[in-house]
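Asker: Once you've had a glance at the structure underneath, I'll fire off some questions.
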Amino acid sequence: MEKRELIYEGKAKRVYATDQPGQVIQEFKDEATAFDGKKRGVIAGKGKVNAQMSDIIFRYLEKHGIHTHHVKLISENELLTWWLEMIPVEIIVRNYAAGSLAKRLGYPERTEMKSPIVEYYYKNDELGDPMLAREHIRELGLASDEQLDEMTSIALRVNEILRPFFEARGIILADFKLEFGLREGRILLGDEFSPDVCRLWDAETGEIMDKDRFRRDLGKVEETYAEVLRRVSEEQAGVAASVYVSPKKGVLDPAGQATLGALKSLGYEEVREVRIGKYITLRLEGVEADKAEERVREMCERLLANPIIEDYRVEID
Ligand code: AIR
Ligand code: ASP
């Protein structure tokens, strides 16, 4: 694949054409800006971290049913992606108060939201990315109501997928920004997912692990970006597996029978069948997901289940 002319340069990325129809290269820069470009600097290694973290997160989201522009990581700081016609609305999801929400509502930082809050902002540097109501989006013709509904529900789903992902890595996902675009009429998640576009707090120490370190001159910016990448990397996190074991249909299940009898005597006449199995969770390190599934199946055959009388199902996360 060939890298061709520069199509667009943003504050954090350069986009290049390629010889692949519909695909572009996103090159991540070390340059950082904040407060609508008023603060400028360089975070050494940021381009690398942001490209590699986006690669990991987008692949994880794809695996969980989210459609994104991601194709693959092609160098340490470049991603190959589908070219999208971007929708100029930034979607923010907030689990905790921070930044502009803390200011707007007068909430102390780190107050947990009763349920995740979705906000819309106009991607427009000249206007300073103002917050938008649905009616403003309609007035400006930035997206249709259906598109906005779809982006909102994808954003909430992304939150449901990524909150536990970060939690498992000792990180609280406080808030994040998503951008969407269209490819052949379909809405895809675009842009990046990195410490530049979200707020991450260490679950144990509360330490800030995102671009706020740069915005607020907290120091240790490079080290923190590198630490976030280390935590989200697959080798570090390992693979989680769930095994569900249940008695085969038709096989005598004394525990199930006894429970069925007990339920009926409590008045639950509608219960026709009870089968009692077990649920096992495992964490494996140093293996890829495909290999992990093969290994766990082998464990089921040899120890975790009795394949003669029990069925089992393996799920790899
Ligand atoms: N964000 C918004 N515009 C640009 C970025 N990166 C992200 C911030 C933060 C979230 O959106 O990084 O994670 C909310 O930002 P704020 O400033 O509205 O509190
Ligand atoms: N990157 C944006 C800017 O330069 C917003 C931010 O991250 O603070 O203004």
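Here, each number is a calculation from the coordinates, and none is a lab measurement. Note that the structure is predicted; figures quoted are calculated from it, not measured. Ideal geometry is used to build each Cβ from the backbone, glycine not excepted, and the neighbour counts take in all protein chains shown.
Asker: For segment 101-160, which positions are under 22 Å from H64 (Cβ atoms) and touching a Phe, Trp or Tyr at 6+ places or on another chain (Cβ under 6 Å)?
Answerer: The one that is under 22 Å from H64 (Cβ atoms) and touching a Phe, Trp or Tyr at 6+ places or on another chain (Cβ under 6 Å): M151.
Asker: Which condition breaks for A44 when tested against (1) closer than 20 Å to K13 by Cα; (2) aliphatic (A, V, I, L, M); (3) surrounded by 14 or more Cβ atoms within 10 Å (Cβ to Cβ)?
Answerer: Of (1) closer than 20 Å to K13 by Cα; (2) aliphatic (A, V, I, L, M); (3) surrounded by 14 or more Cβ atoms within 10 Å (Cβ to Cβ), only one is false for A44: (3).
Asker: Pick from segment 102-119 the residues that are closer than 23 Å to L148 by Cα and more than 11 Å from ligand 1 (Cβ to nearest atom): which of them is farthest from the chain's Cα centre (by Cα)?
Answerer: Of everything passing the filter in segment 102-119, K114 is farthest from the chain's Cα centre (by Cα).
For (1) under 15 Å from C198 (Cα atoms); (2) surrounded by fewer than 20 Cβ atoms within 10 Å (Cβ to Cβ); (3) touching a residue at least 12 places away in the same chain (Cβ under 8 Å), each residue gets a yes or a no:
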site	(1), (2), (3)
L142	no, yes, yes
E146	no, yes, no
M151	no, no, yes
R163	yes, yes, yes
R169	no, yes, yes
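Asker: Can you tell me which of (1) outside any loop (DSSP other than H, G, I, E, B); (2) more than 13 Å from ligand 1 (Cβ to nearest atom) is the one Q20 doesn't meet?
Answerer: Every listed condition holds for Q20 apart from (1).
Asker: Tell me, which residue of segment 214-230 that is closer than 13 Å to K39 by Cα and surrounded by 13 or more Cβ atoms within 10 Å (Cβ to Cβ) is nearest to ligand 2 (Cβ to nearest atom)?
Answerer: For segment 214-230, the residue satisfying everything is R215.
Asker: Still on this structure, I have one more. Of all residues in segment 102-131 being within 16 Å of ligand 2 (Cβ to nearest atom) and either in a strand (DSSP E or B) or touching a Pro at 6+ places or on another chain (Cβ under 9 Å) (or both), which is nearest to E207 (Cα to Cα)?
Answerer: Ranking the candidates gives A102 first.
Asker: From the set of residues in segment 241-279 that are out of contact with any helix residue (DSSP H, G or I) (no Cβ under 9 Å at 6 or more places or on another chain), hydrophobic (A, V, I, L, M, F, W, C) and over 16 Å from E310 (Cα atoms), which is surrounded by the most Cβ atoms within 10 Å (Cβ to Cβ)?
Answerer: L260
Asker: If you don't mind, there's one more thing I want to ask. For segment 171-216, how many residues are in contact (Cβ under 8 Å) with a residue 60 or more places away in the chain, of a type in the set (D, E, K, R) and away from ligand 1 (no atom under 16 Å from the Cβ)?
Answerer: So the answer is 2.
Asker: Among the listed residues L73, L61, which satisfies the condition of being closer than 14 Å to E192 by Cα, of a type in the set (A, V, I, L, M) and free of Cβ contacts under 8 Å to residues at least 40 places away in the same chain?
Answerer: L73
Asker: Which pairs do you get when a residue that is among the polar types (S, T, N, Q), found in segment 15-41, comes within reach of a residue that is more than 16 Å from ligand 1 (Cβ to nearest atom) and not in a strand (DSSP E or B), reach meaning Cβ atoms under 7 angstrom, with the pair 6+ apart or on two chains?
Answerer: Qualifying pairs under 7 Å: T18/M1; T18/E2; Q20/M1; Q23/W83.
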